[in-house]
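What follows is a single structure, written as structure tokens, with notes after it.
Laboratory data are not the source of any read-out in this text; all were calculated from the coordinates shown. On a predicted model such as this, the values are computed, not experimentally measured, just so you know. Every residue, glycine among them, receives a Cβ derived from its backbone with ideal geometry; neighbour counts consider all protein chains shown.
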2 protein chains.
Amino acid sequence: MQIEHGGALDRAMERFGGAVADWIDLSTGINPEVFPLPLIGPEIWNRLPDEKLLVSAFRAAKDYYSMANEAEIVAAPGTQSLIQMMPELVTRGEVAIVGPTYQEHERSFLQAGWMVSNCACIEDIPQSAKIAVIVNPNNPDGRIAAKDDLLDLAKAMDSKGGFLVVDEAFADPHPESSVAEHAGKGGLIILKSFGKFFGLGGLRLGFALSTLDIAQTLKLRLGPWAVSGPALAIAVHAFSDRGRLAAYTERLRFRRALLANVLAEAGLVEIGGTMLFSLVELMQAHRLHEELCRQHVLTRKFGYAPQWLRFGLPLDEIAADILRQRLTKAQGRINS
Amino acid sequence: MQIEHGGALDRAMERFGGAVADWIDLSTGINPEVFPLPLIGPEIWNRLPDEKLLVSAFRAAKDYYSMANEAEIVAAPGTQSLIQMMPELVTRGEVAIVGPTYQEHERSFLQAGWMVSNCACIEDIPQSAKIAVIVNPNNPDGRIAAKDDLLDLAKAMDSKGGFLVVDEAFADPHPESSVAEHAGKGGLIILKSFGKFFGLGGLRLGFALSTLDIAQTLKLRLGPWAVSGPALAIAVHAFSDRGRLAAYTERLRFRRALLANVLAEAGLVEIGGTMLFSLVELMQAHRLHEELCRQHVLTRKFGYAPQWLRFGLPLDEIAADILRQRLTKAQGRINS
């Protein structure tokens, strides 16, 4: 199963030329602004990440995610590594994935020999599924499941000895969508990506919020020092600096409004999205993807939905202006 | 199985008081000098680590480790995560570990349900073992296995459908001990720790050098983006800057000589070690460990060898002087 990931700028450059600086890469859902980094002292680089640092990061994360005290939290080098562990938590069986959605979930279960049922909505999840997976808000369409539905589902999965995975990779700027305050309840695993909202995709940091049992299993699988000291130090800093967080979120909103404007001016119809990306629908989405590549703008197309194109956020007004110009050129070539 | 790890400064501080700045932590084999870091651009923090960065790191690593072109290399968030994958590469059976040595190998195999045979030397490895593990130079005694013996063993393990793991965590400043130039041969997996020699234990970066088959399995298990962008960028920089590397190695030698002097002056007998640590033997090693803790010097003791104490390197002459004074005091308390 070949997955066309965002972040494939290298391959686009090979085919369409240009240097990194020539391109506007809108192919991922990562905030293009790196959250202002703290000074990282030599001891953080030098020493194995110790218990104290981990505890600080967990305390800050619990507060930031509004978790209950009794909920457990596990840190991993990116949510991806947690996604790959989900199939190992119960004996092999059937997993229901509500989609279309982020494809690494399916790949992970297939690789582990599970049977995958792709479901269009929660109601379609078969009784036979041991695990259910919902990305919330969903990627790429931004669909948000009702909290009560998620909690009911988690309870139902728990009563079968299974669980529900809620992947909240894009939930940070949509706190109202999150079920993190319910973490710790049976049958519920919540995955949190640090890199997307905080613009730190290169850092590799993700969290699982869960019951004690599941957390212990995940920690054992991850082993000691799974996450880097700099990642933990940066997380403590980012989670705790509420003033800076508010300003950073404000800039994200502005960026999202810039994108919405550019798309509207180009006559593109947003059919979904989150604060971190927009999904547009048009007849010739793949053609537009290619013409935008020729203009050195990388967007995200979908093999399973040839009418969809996902746009990540331009960094600032300059990037938005360039995007506007290039989008016009690309559309001109299609219409000529 | 509770393993007393190096780096347990937090626990020592809880028991013996003092702030971090009051302590000299010699409990790990990590070079206390962080290798001079390059500027890490925002794009390295922001973007998912891409193929190009990975390829640059692999190229630099292959050159630095003197690997053959046909050998494969896999990057992981620390050697620890690779150690935990070793039991999964062949069906469960018996593993022979030449020891006493770094205990995470045994723990990893026990956790995966393997039978562990602890062997005193290569000759003692039973025919029934599917996997053999040798840390070379060994931790904590610094013993170095002959290259031919290692290569013969790898060949023998291969012919049984198994393999030999050579953990070269401390081999960087002992390149003559390394079998990395033979990586790619059947039955041989070499583990390389980036953090120890380069003083970057917090970074979490390790490599496995192996055949194509094994590399593919490890890569699949690790999944995409297992290693952070900053870690890869720092590795490219550190591996490639030969002038800085030579000066850095020179400072390491100086540091090691400082430690040897302090130990000799204190009448402690070095029975082994590497460029990154020294192992001394004395009747009251645990007592000295405790008295040193009271002086806020953390060393490494061993439950299985109560006569051993391992000393990591003091950063500089100032640290060496403080160590000298505190060692004298600690010995005075024992002898009084």
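Treat every Asp and Glu Cβ in the protein assembly as shown as -1 and every Lys and Arg Cβ as +1, leave all other atoms uncharged, and give the resulting dipole magnitude about the Cα centre to the nearest 20 debye.
On the way: 68 positive and 78 negative charges, 83 e Å.
Roughly 400 debye for the protein assembly as shown.
Once amide H atoms are placed 1.01 Å from N in the peptide plane, what residues at a sequence separation of 5 or more from residue A:206, or on another chain, have their amide H within under 5 Å of its amide H?
A:76, A:78, A:79, A:194
Would you work out which of B:191, A:166, A:322 lies farthest towards the positive end of the dipole of the protein assembly as shown, given +1 charges on the beta-carbon of Lys and Arg and -1 on that of Asp and Glu, about the Cα centre?
About the Cα centre, the residue reaching furthest to the positive side is A:322.
Just round it to a whole percent: the fraction of Cα-Cα distances in the range B:237-291 exceeding 12 Å.
Numbers: 1057 of 1485 pairs.
Summing the P(r) of the range B:237-291 above 12 Å gives 71 percent of all pairs.
Quick check: the angle from helix A:212-222's long axis to the longest principal axis of chain A, C-alpha only, nearest 10 degrees?
Long axis of A:212-222 versus the principal axis of chain A: about 60 degrees.
Got a sec to turn the phi values of the range B:284-296 into Karplus ³J(HN,Hα) couplings, 6.51 cos²θ - 1.76 cosθ + 1.60 with θ = phi - 60°, whole Hz, x for Gly and Pro?
Those phi angles translate into 9, 4, 5, 5, 5, 4, 5, 5, 5, 4, 4, 8, 6 Hz.
GNM on chain A, C-alpha springs below 10 Å: top fluctuator among A:311, A:109, A:302?
A:302
In peptide A:35-44, how many Cβ atoms from other protein chains are near each Cβ within 10 Å, on average?
Details: counts 2, 0, 3, 0, 0, 4, 2, 8, 7, 4.
Mean shielding count: 3.
Between 0 and 90 degrees, rounded to the nearest ten: what's the tilt of helix B:51-64 against the longest Cα principal axis of chain B?
So the helix axis and the longest Cα principal axis differ by about 60 degrees.
What order do you get for A:116, A:297 when you list them from fewest to most C-beta neighbours inside 10 Å? List each step's numbers first, then the result.
Values: A:116 18, A:297 27.
Listing A:116, A:297 from fewest to most nearby Cβ atoms yields A:116, A:297.
Once you put a point 7 Å from the Cα of residue B:322 and another 7 Å from the Cα of residue A:261, both along the Cβ direction, what distance in nm separates them?
5.5
Which value, in debye to the nearest 20, describes the size of the charge dipole of chain A about its Cα centre when Lys and Arg Cβ atoms bear +1, Asp and Glu Cβ atoms bear -1, and nothing else is charged? Write out the running numbers ahead of the final one.
Numbers: 34 positive and 39 negative charges, 103 e Å.
Dipole size: approximately 500 debye.
Setting aside same-chain residues fewer than 8 positions from residue A:130, which aspartates and glutamates have a Cα under 19 Å from its Cα?
Here the aspartates and glutamates satisfying the reach criterion relative to residue A:130 are A:88, A:94, A:104, A:106, A:149, A:152, A:158, A:167, A:213.
Students often forget the sequence filter, so: which aspartates and glutamates lie under 14 Å Cα-Cα from residue B:329 once same-chain residues fewer than 8 apart are removed?
B:265, B:290, B:291, B:321
How far, in degrees from 0 to 90, does helix A:317-335 lean away from the longest principal axis of the Cα atoms of chain A, to the nearest 10?
Roughly 60 degrees between the two axes.
Please find the FRET efficiency linking residue A:333 to residue A:251, where r is the Cβ-Cβ separation and R0 is fixed at 25 Å, and quote it to the nearest 0.05.
Efficiency, rounded to the nearest 0.05: 0.15.
Per DSSP H run of n ≥ 4, the term is -39500 (n - 2.57); total these for chain B, divide by its residue number, and report the mean residue ellipticity at 222 nm rounded to 500 deg cm²/dmol. Walk me through the numbers on the way to the answer.
Details: 11 runs with 129 residues, N = 336.
It lands at -12000 deg cm²/dmol.
Under 1.5 on a/c is rounded, so check that first for chain A, then, if it is not, pick prolate when a/b is larger than b/c and oblate when it is not; a ≥ b ≥ c are the square roots of the alpha carbon gyration tensor eigenvalues.
Values: a/c = 1.88, a/b = 1.31, b/c = 1.43.
Because a/c hits 1.5 or more and a/b fails to exceed b/c, chain A counts as oblate.
Residue B:305's amide H: which non-local residues (gap 5+, or another chain) put their own amide H closer than 5 Å, with H modeled 1.01 Å from N in plane and none for Pro or chain starts?
So residue B:305 has HN proximity to no qualifying residue.
Which entries of A:301/B:52; A:192/A:219; A:196/A:301; B:155/B:192; A:155/A:192; A:219/B:62 show an alpha-carbon separation above 25 angstrom in the structure shown?
On the way: A:301/B:52 22 Å; A:192/A:219 16 Å; A:196/A:301 19 Å; B:155/B:192 20 Å; A:155/A:192 20 Å; A:219/B:62 32 Å.
Violating the 25 Å limit, Cα to Cα: A:219/B:62.
If a/c stays under 1.5 just call it rounded; otherwise compare a/b with b/c (prolate if a/b is bigger, oblate if not). Do that for the protein assembly as shown, with a ≥ b ≥ c from the square roots of the Cα gyration tensor eigenvalues. Write out the running numbers ahead of the final one.
Numbers: a/c = 1.76, a/b = 1.71, b/c = 1.03.
It is prolate, given that a/c is not under 1.5 and a/b is the larger ratio.
How crowded by other chains is A:21-34, given as the mean number of beta carbons from other chains within 10 Å of each beta carbon?
Partner-chain Cβ atoms within 10 Å, mean over residues of A:21-34: 2.
For the range A:76-180, give the magnitude of the charge dipole about the Cα centre (Cβ charges: +1 Lys/Arg, -1 Asp/Glu; no others), in debye to the nearest 20.
Working: 7 positive and 15 negative charges, 68 e Å.
The calculation lands at about 320 debye.
Based on the alpha carbons, how large is the Rg to Rh ratio for the range A:48-240 when Rh follows Kirkwood? Spell out each step's value before the answer.
On the way: Rg = 15.5 Å, Rh = 16.5 Å.
Rg divided by Rh gives 0.94.
Take peptide B:226-238, look around each residue's Cβ out to 10 angstrom, count Cβ atoms belonging to other protein chains, and average those counts.
On the way: counts 6, 5, 13, 6, 9, 7, 1, 1, 1, 0, 0, 0, 0.
Across B:226-238, the average partner-chain Cβ count within 10 Å equals 4.
Give the residue from B:227, B:41, B:336 lying farthest towards the positive end of the charge dipole for chain B; charges sit on Cβ (+1 for Lys and Arg, -1 for Asp and Glu) and the dipole is referred to the Cα centre.
Selected residue: B:336.
Could you tell me whether the range B:1-95 comes out rounded, prolate or oblate from its Cα gyration tensor? Rule is a ≥ b ≥ c as square roots of the eigenvalues, rounded for a/c under 1.5, then prolate if a/b exceeds b/c, otherwise oblate.
Because a/c hits 1.5 or more and a/b fails to exceed b/c, the range B:1-95 counts as oblate.
May I ask what percent, to the nearest 5, of DSSP beta bridges between residues of the range A:48-240 are antiparallel? Spell out each step's value before the answer.
Details: 9 of 27 bridges.
Among the beta bridges of the range A:48-240, antiparallel pairing accounts for roughly 35 percent.
Across the range A:97-158, what fraction of all alpha-carbon pairs, as a whole percent, falls in each successive 10 Å bin from zero upward?
Calculated P(r), rounded to whole percents: 21, 56, 22, 0.
Filter the GluC sites (Glu not before Pro) in the range A:52-155 down to the DSSP loop ones having no more than 16 other Cβ atoms within 10 Å, then list what survives.
Working: sites: A:70, A:72, A:88, A:94, A:104, A:106, A:123; in loops: A:70.
Hits after loop and neighbour filter: A:70.
Would you please give the residues with an amide H less than 5 Å from that of residue A:93, counting only those at least 5 places away or on a separate chain, with H modeled from the backbone geometry?
Answer set, sorted by chain and number: A:115.
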